[in-house]
């Protein structure tokens, strides 16, 4: 029995090597190296709307999840007084943002969106392409474009 212990103890010691947990390493890149396009859209909720805000937001968000894998972020934020909403959207590039615009304008949510909201301000950050700028201008969107000064993405 003693011999067995002499054999098993070293065996267990050498077989129980500590395995370091894999640490997530994050890389930092400059915003200027990213093609991401972000929309920050300020909206007012129309008083005479027949849309339910929560139902609409849930439906349109699920639609974006299901049909737009190029959308990185999509979120609605409501003010404390329940009158204003900020819509935050992020796409992998200008081409994806154009595709989203086409889907939105040709889909079932366009009329419902403007029945519910009045667009107050539309800010786009990131390297918006000429194609994107033309698309939005041709479709009547007045956009305040913001270019990178400095910053990073993890």
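Only the coordinates and a few stated rules stand behind these numbers; no lab work does. Quick caveat, the model's predicted, so the values are computed rather than measured. Cβ: placed from backbone, ideal geometry, glycine included. Neighbour counts: every protein chain shown.
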Please give the residues of segment 111-127, grouped as numeric ranges, whose backbone N is less than 20 Å from a label point set 7 Å along the Cα-to-Cβ vector of residue 144. 117-127
Would you mind ranking 133, 30 so that the residue whose beta carbon has the fewest other beta carbons within 10 Å leads the list? 30, 133
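Using Cα pairs closer than 8 Å and at least 6 residues apart in sequence, work out the relative contact order for segment 106-149, in percent.
Details: 25 pairs, mean separation 19.8, N = 44.
Relative contact order comes out at 45 percent.
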With each label point set 7 Å from Cα along the Cα-Cβ vector, what nm distance links residue 152 and residue 129? 2.9 nm
Per 10 Å bin from zero, what fraction in whole % of the C-alpha pairs of segment 69-110 is there, up to the bin with the longest pair? 26, 45, 25, 5
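So between residue 115 and residue 77, what do we pick up on full extension, going 0.36 nm a residue minus the alpha carbon distance? Spell out each step's value before the answer.
On the way: separation 38, 0.36 × 38 = 13.68 nm, distance 1.80 nm.
11.9 nm is the gain from fully extending residue 115 to residue 77.
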Full extension between residue 61 and residue 137 adds, at 0.36 nm per residue less the Cα distance, a length in nm of 24.9 nm
Determine Rg/Rh for segment 54-151; Rg is computed over alpha-carbon atoms and Rh is the Kirkwood hydrodynamic estimate from the same atoms. 0.94
